[in-house]
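These notes are about the structure you will find just below.
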Amino acid sequence: LTLPRDDIFQVVFNNKYEDHFIKKKCPKCGKRNVWENVQVEHQGKYLFVRVWQNGASFSEFSTDSVVRMFGSEYKLNAFTQYTTKSGGERGHYQAWVRGSRHWCRINDSKVAEQQWHVDLEGRGLSILVFEKTMCAFDFGV
């Protein structure tokens, strides 16, 4: 999932994976003015999303957000963050994992920063791990 500019996660996701109208020539069939139907079948409890932020940041997206993807609702369960040092030449990955009551930051062999809420804006997110909270079947779709 590529984030070309600061935007809302749900909007970026929907633009990529919801059905949408193609005015240009379809790269698959060569026709013009057709609907592209993106079909992804996901049966598992967890969904991993790779993010390329390109210096942009998600807005209206937090560790408390519930996101609708592929006909189900998901809540963020873990994420990796890339932080840079020395003017961006080198960096380091850290993982954040939701515990039973708080978020834990895992940095190499250390577990620290137990927080109730983690602000995601401005963080170098690279992998998001979502846990399914409700299926389409559960909310009558």
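The values are calculated or read from the model by the stated rules, or taken from the named source; none is laboratory data. Since we're looking at a predicted model, the values are computed, not measured. Here the Cβ is made from the backbone with ideal geometry for all residues, glycine too, and neighbour counts use every protein chain on show. These area figures cover heavy atoms from the full protein model, side chains too; ligands, DNA and RNA do not enter into them. Shrake-Rupley method; radii C 1.70, N 1.55, O 1.52, S 1.80 Å.
Worth pointing out:
- Among residues of region 51-70, those that are open to solvent by 70 Å² or more (accessible area, probe 1.4 Å) and in contact with a Pro (Cβ under 9 Å, 6 or more places away or on another chain), counted: 1
- Residues of region 34-62 that are at pLDDT 80 or above and under 26 Å from Lys24 (Cα atoms): Trp52 alone.
- Cβ-Cβ under 7 Å pairs, at least 6 apart or on other chains, region 6-20 side over 15 Å from Arg50 (Cα atoms) and at pLDDT 75 or above, far side charged (D, E, K, R) and not in a helix (DSSP H, G or I): Ile8/Glu60
- Among the candidates Arg98, Arg90, the residue that is surrounded by 14 or more Cβ atoms within 10 Å (Cβ to Cβ) and either out of contact with any helix residue (DSSP H, G or I) (no Cβ under 6 Å at 6 or more places or on another chain) or at pLDDT 75 or above (or both) is uniquely Arg98.
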